[in-house]
Amino acid sequence: MSGGGYNPYENMLSIVGNAAERLGYQQCEYEAIKYPERELKVSIPVYMDDGRLQVFEGYRIQHSTSRGPAKGGIRFHPAVNLDEVKALAAWMTFKCAVVNIPYGGAKGGIVCDPSRLSERELRHLTRRFTAMIAPMIGPEQDIPAPDVGTNANIMGWIMDTYSMLKGHCVPGVVTGKPVEIGGALGRGEATGRGVMLTTLNILRELKIPVKGTTALVQGMGNVGSTAAKLLHREGVKITGVSDVSGGVFAEEGLDIPDVVRYLRAKKGNLLSGYESAKVRHITNEELLAAKADILIPAALENQIHKGNAKSVQAKVIVEGANGPTTLDADEILQEKGVVVVPDILANAGGVVVSYFEWVQNIQSLYWTEEYVNEHLKQIMDQSFESVVQIAKENGVSLRMGAYLIAVKRVVEAKKLRGVWP
Ligand code: NAD
């Protein structure tokens, strides 16, 4: 992973500590939020198609349950590690607090490359992992969802495995499921839609017209491809996109529906091999440094770091990914006058609609996609306004503004509940 061994958990601790001090909290009031409440590491045995037994490493970490059940995705990626999952779990706590939904934060992951597993291997891995974390999860305890390398089908297997262990159907144990088994309409696109709404909000705030504005998107998975598609529809010119296989760039703007069609049809959903008139191939580093008004990192953490932050030309960064900007890169960008809309606000659309899915599962009452999207927009717009307002009042960045809101909500919940026993 880029970023020179940067530890995302240390990154998170530093911002949270800074926000708590600015809020005037005593160390004893916020000390506990520096530690995850529970960490589980599991060794997952799977019989591979060639008859070998392979043991995979997996994690489920609950950072906080102060404001409600723990909530957060499950990542399948070769670079998954304890510090990454801890940081991702904590970011979920603060993300849920910024958008004010009644959840704490969690995250899970398995060290694996899902593109190298057959469907049977992936299913067995998912089911065995679910059984091993089952004592920790549940609709009232901890509710997983998709993240990098996982999707609706995998969430369906998690729901089925948990339900088989309980002996009855428990749709609310996981969100991001297929609609046919209790998934919410609009969940698949929710994170990217939230990124699109946030991008339109920041353009409005900065008085930059939408039409003709140029944007770059790093990562064309669930979040990036949806954000690119919806922004393109709004009139934003997407000039460059990339994924793990490299990037493509067109000064005139890419034909995003065509790129998305190509990605869907291509094995592994990769951009490599995409050809079109006036399109040239670039590397990920070139994409991050290309000329455009907006940059949307929507791949992995630590992509914009000390070594490349100076070369970023975009005026605005909207963080679709979790933790794409390291702390020292953030300082460089601030000095350059680049406006960064932080991950815990910009990519919160996914967890907001996951919350809607969980509410629908509990009530066994289902909403239309229009109703879901309308309520998502309301929450994203309100949260954006609150963050901008507090950042202006305190003369701080949008990231610090978001953390001032989030840390206050989490610490106040902790204070009201007290320390048991
Ligand atoms: P995904 O697996 O669907 O897509 C990830 C994309 O990133 C792929 O296109 C992949 O090729 C690309 N990628 C991986 N490594 C890369 C690299 N080194 N350089 C460039 N591209 C690279 O994952 P996703 O669900 O879209 O998640 C992307 C980011 O958004 C992650 O940080 C995730 O935590 C965050 N996020 C996801 C959701 C969600 O609902 N899926 C919600 C909130 C935040």
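The values are calculated or read from the model by the stated rules, or taken from the named source; none is laboratory data. The structure displayed is predicted, hence computed values, not measured ones. Backbone-built Cβ (ideal geometry, glycine too); neighbour counts: all protein chains shown. In case anyone asks, the SASA skips ligands and DNA or RNA and just uses the protein heavy atoms, side chains included. Shrake-Rupley method; radii C 1.70, N 1.55, O 1.52, S 1.80 Å.
Just a few scattered comments:
- Boolean, residue 159 is surrounded by 23 or more Cβ atoms within 10 Å (Cβ to Cβ) and either of a type in the set (Gly, Ala, Ser) or in a helix (DSSP H, G or I) (or both): yes
- Any hit, segment 131-144, residues being in a helix (DSSP H, G or I), out of contact with any strand residue (DSSP E or B) (no Cβ under 7 Å at 6 or more places or on another chain) and hydrophobic (A, V, I, L, M, F, W, C): yes
- Residues within segment 231-271 that are at positive phi and open to solvent by less than 50 Å² (accessible area, probe 1.4 Å), tallied: 3
- Residue 147 fulfils the conditions (1) open to solvent by less than 30 Å² (accessible area, probe 1.4 Å); (2) under 26 Å from residue 344 (Cα atoms) except for a single criterion, (1).
- Residue check, residue 180 away from the ligand (no atom under 12 Å from the Cβ) and either open to solvent by 40 Å² or more (accessible area, probe 1.4 Å) or in a loop (DSSP other than H, G, I, E, B) (or both): yes
- Meeting the requirement of 2 or more residues that are of a type in the set (A, V, I, L, M, F, W, C), surrounded by fewer than 16 Cβ atoms within 10 Å (Cβ to Cβ) and away from the ligand (no atom under 15 Å from the Cβ), the strands (runs of 3 or more DSSP E) wholly within segment 1-108 are 53-64.
Conditions tested, residue by residue: (1) within 24 Å of the chain's Cα centre (by Cα); (2) hydrophobic (A, V, I, L, M, F, W, C); (3) part of a loop (DSSP other than H, G, I, E, B).
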residue: 371; (1), (2), (3): yes, no, no
residue: 380; (1), (2), (3): yes, yes, no
residue: 407; (1), (2), (3): yes, yes, no
residue: 421; (1), (2), (3): no, no, yes
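- Note on segment 272-321: among residues that are in a strand (DSSP E or B) and within 16 Å of the ligand (Cβ to nearest atom), the one that is most open to solvent (accessible area, probe 1.4 Å) is 281.
- Residue in segment 330-345 that is within 13 Å of the ligand (Cβ to nearest atom), in contact with a strand residue (DSSP E or B) (Cβ under 7 Å, 6 or more places away or on another chain), open to solvent by less than 10 Å² (accessible area, probe 1.4 Å) and modelled with pLDDT of 95 or more present: no
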